[in-house]
Amino acid sequence: MILVTDCGLRIETLSIYFVFFREEEKMIDLNGLKSIIQLSYFNDSMLEKLLKITDIIEYKAGDYIFKEGDDAKILYAVIDGKIGLEVEKTSSTRILIDTIIQGMMLGFSTLVNTEKQSYTTSARVLTDTKLFAWSADDLETLFSQDYEMGFLFMKRIAKIVKTRLQIRNVQFLDIYK
């Protein structure tokens, strides 16, 4: 199924339950965006620009937001709920490697321009969840218009990716103890 939101966000998903809110129904204010850790350092002018391309999506527990290897087209931030990041060990075994909670982001592969942008983990909804969502194309356009905003955003994302990589390295080393 393919859905296109009011902001032009194109979502391909097998998820059965999700809800998109129109601009007048979003009820997102700047404080809502500031509640996301990676956005809390943006000034109000930057947040107002980001607000224009922000959608809200809801998922039910058990749904997959994306799966490992899917095209990475959307960046997400958790408004409410809990998401498990998983990797596939075998075709029938998935390993939970991280839990994403309120105020955190996921889907960073969306921001990395490679030959094939794809998610490196699967994101399974652990509890009913509400998310902010931004399309990669909208973010790229915004950041090309506001270089300072793009730089600040990518600087914060790089720190998060580094931390998550360090956590994975520790988890990997624990396997061989």
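The values are calculated or read from the model by the stated rules, or taken from the named source; none is laboratory data. As the structure is a prediction and not an experimental result, all values here were calculated from the model. No Cβ is skipped: glycine too gets one built from the backbone with ideal geometry, and neighbour counts run over all protein chains shown.
Out of everything in the range 79-115 that is touching a residue at least 60 places away in the same chain (Cβ under 8 Å) and on the phi < 0 side of the Ramachandran plot, what residue ends up being surrounded by the most Cβ atoms within 10 Å (Cβ to Cβ)?
105
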Filtered residues of the range 37-88 (kept if part of a strand (DSSP E or B), among the acidic types (Asp, Glu) and within 20 Å of residue 120 (Cβ to Cβ)): 71, 86, 88
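Might you check whether a residue that is hydroxyl-bearing (Ser, Thr, Tyr) and either outside any strand (DSSP E or B) or touching a His at 6+ places or on another chain (Cβ under 7 Å) (or both) occurs anywhere in the range 93-100?
Narrowing the range 93-100 to residues hydroxyl-bearing (Ser, Thr, Tyr): 93, 99.
Adding the requirement that they be either outside any strand (DSSP E or B) or touching a His at 6+ places or on another chain (Cβ under 7 Å) (or both) leaves none.
No.
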Selection count where residues are modelled with pLDDT under 95, small (Gly, Ala, Ser) and touching a strand residue (DSSP E or B) at 6+ places or on another chain (Cβ under 7 Å), scope the range 66-99: 2
Candidate set from the range 121-157 (those that are surrounded by 12 or more Cβ atoms within 10 Å (Cβ to Cβ) and among the small types (Gly, Ala, Ser)); member that is nearest to residue 76 (Cα to Cα): 133
Index of the failed condition, residue 118 passing every other in (1) closer than 15 Å to residue 76 by Cβ; (2) free of Cβ contacts under 8 Å to residues at least 60 places away in the same chain: (1)
